[in-house]
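Single-structure report; data block below.
The values are calculated or read from the model by the stated rules, or taken from the named source; none is laboratory data. Everything numeric in this text was worked out from a predicted model, so none of it was measured. Here the Cβ positions follow ideal geometry from the backbone for every residue, glycine too, while neighbour counts run over all protein chains shown. Ligands, DNA and RNA are stripped out before the accessible areas are found, and what is left, the full protein with its side chains, is counted by its heavy atoms. Shrake-Rupley method; radii C 1.70, N 1.55, O 1.52, S 1.80 Å.
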There are 2 protein chains.
Amino acid sequence: MADIDAVAGQFVDFYYQTFDSDRKNLGSLYRDASMLTFEGAQIAGSAAIVEKLVSLPFQKVQHKVTTKDAQPSSGSVASLLVSVTGLLVVDDSPNPLQFSQVFHLLPEGGSYYVFNDIFRLNYA
Amino acid sequence: MADIDAVAGQFVDFYYQTFDSDRKNLGSLYRDASMLTFEGAQIAGSAAIVEKLVSLPFQKVQHKVTTKDAQPSSGSVASLLVSVTGLLVVDDSPNPLQFSQVFHLLPEGGSYYVFNDIFRLNYA
């Protein structure tokens, strides 16, 4: 699954680089039918998702990816499921937070957009 | 998304009850096209997936679910994505392990089977 791993890896790198540099630019990765569940809160549509992400109460954030796993999510369409675990460093805190995030990517015109996005912090 | 949450909740309860009581019985939840990525190892097909799960080196295991989130994974089919985080208690160890797991469930004859399954332990 080399191709899928490469696509997933590029997506994950691009997503978190964009998130950590200027997260309002993530809007182009979502569509009106996209869904985000963020710490249990359900948000639908690109505009509302970006509004939610921008409103998160930190100025500075860094995602450090520990694992990324990808699988094709369909036998007929080139969609893929990407599961990420890692650490979140917020406002230079010395105590990073564990997180897990799942993306379901659907193909569109030679690229992909995020149809499903589920984010959780993992408290010990 | 009350229906989806109910279906996801029932699935998650049933999956981990079966895993923790006799995991060889999980085979009925997978099909030949099903995929499991377990700590980075890729396994395909119901028989190989069950063989992998049965071979895990513990006698006694308990999954304690902390969070479960579900979303429809398609605009056209009643498939769903379920993301779980929780604690794994292995052989009565006093130190439970954090885990995260994603299931992609596809409908089949009034029920669902697991098409995608990605499991990771989350080390601090």
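Over the protein assembly as shown, with every protein chain in place, what whole percent of the accessible area is carbon and sulfur at 1.4 Å, could you tell me? With neighbouring chains kept in place, the figure for the protein assembly as shown is 53 percent.
Sketch the reach of a paramagnetic label on residue B:22 as a point 7 Å from Cα along Cα-to-Cβ, and name the residues of segment B:49-74 whose backbone nitrogen lies under 18 Å away. Once the point is set 7 Å along Cα→Cβ of residue B:22, B:50-56, B:59-62 turn out to lie under 18 Å by backbone N, inside segment B:49-74. Geometric descriptor of chain B, per residue, is 110 Å³ (volume of the convex hull of the Cα atoms).
The angle between the Cα long axis of helix A:2-22 and the longest principal axis of the Cα atoms of chain A comes to about 30 degrees, rounded to the nearest 10.
When the C-alpha to C-alpha distance is required to be over 18 Å, the pairs from B:24/B:52; A:24/B:68; A:24/A:60; A:64/B:52 that qualify are A:24/B:68; A:64/B:52. Surface listing: B:5, A:117 arranged by accessible area from highest to lowest gives B:5, A:117, probe 1.4 Å. Couplings for segment A:104-119, taken from phi via the Karplus curve 6.51 cos²θ - 1.76 cosθ + 1.60 with θ = phi - 60°, read 10, 9, 10, x, 7, x, x, 10, 9, 10, 8, 8, 10, 8, 10, 10 Hz in order; Gly and Pro are left as x. Here the relative contact order of segment A:2-121, from alpha carbon pairs under 8 Å that lie six or more residues apart, stands at 24 percent. The residues of chain B expose, per residue, 47 Å² of accessible area to a 1.4 Å probe. Per residue, the convex hull spanned by the Cα atoms of segment B:66-105 measures out at 55 cubic angstrom. Excluding ligands and nucleic acids, what accessible area in Å² is computed for residue A:90 using a 1.4 Å probe, to the nearest 10? Counting only protein heavy atoms, residue A:90 exposes about 30 Å² to solvent. Of the trypsin sites (Lys or Arg not before Pro) in segment B:6-85, the ones in a loop by DSSP (not H, G, I, E or B) with at most 13 other beta carbons within 10 Å are B:60. With label points set 7 Å from Cα along Cα→Cβ, the inter-copy distances at residue B:75 are 2.4 nm, sorted shortest first. Computing Rg and the Kirkwood Rh from the Cα coordinates of the protein assembly as shown gives a ratio, Rg/Rh, of 0.95. If I take all pairs of Cα atoms in segment A:16-67, what percentage of them are more than 19 Å from each other? Tail fraction, whole percent: 27.
Of all residues in chain B, the one whose Cβ lies closest to the rotation axis carrying B onto A, together with that distance in whole Å, is B:100, 2.
Legend: calculated FRET efficiency, residue B:41 to residue A:78, from the Cβ-Cβ distance at R0 = 25 Å, rounded to 0.05, equals 0.60. Taking amide H positions as modeled 1.01 Å from N, with prolines and chain starts lacking one, the residues under 5 Å from residue A:122 and 5 or more places away or on another chain are A:98, A:99, A:100. Model label points for residue B:48 and residue A:56, set 7 angstrom from Cα along the Cα-to-Cβ axis, are 3.5 nm apart. The same position residue B:58 in the other copies lies at 2.9 nm from this copy, comparing label points 7 Å beyond Cα toward the beta-carbon, shortest first.
When B and A come together, around 2500 square angstrom of accessible surface is lost from both chains combined, probe 1.4 Å.
Rounded to the nearest 10 degrees, what's the angle between the helix B:46-55 long axis and the longest principal axis of chain B, both from Cα atoms, 0 to 90? Approximately 20 degrees, to the nearest 10.
May I ask which residue of B:38, B:25, B:11 lies farthest towards the positive end of the charge dipole of chain B, with charges of +1 (Lys, Arg) and -1 (Asp, Glu) on Cβ and the Cα centre as origin? So the residue furthest toward the plus end is B:38.
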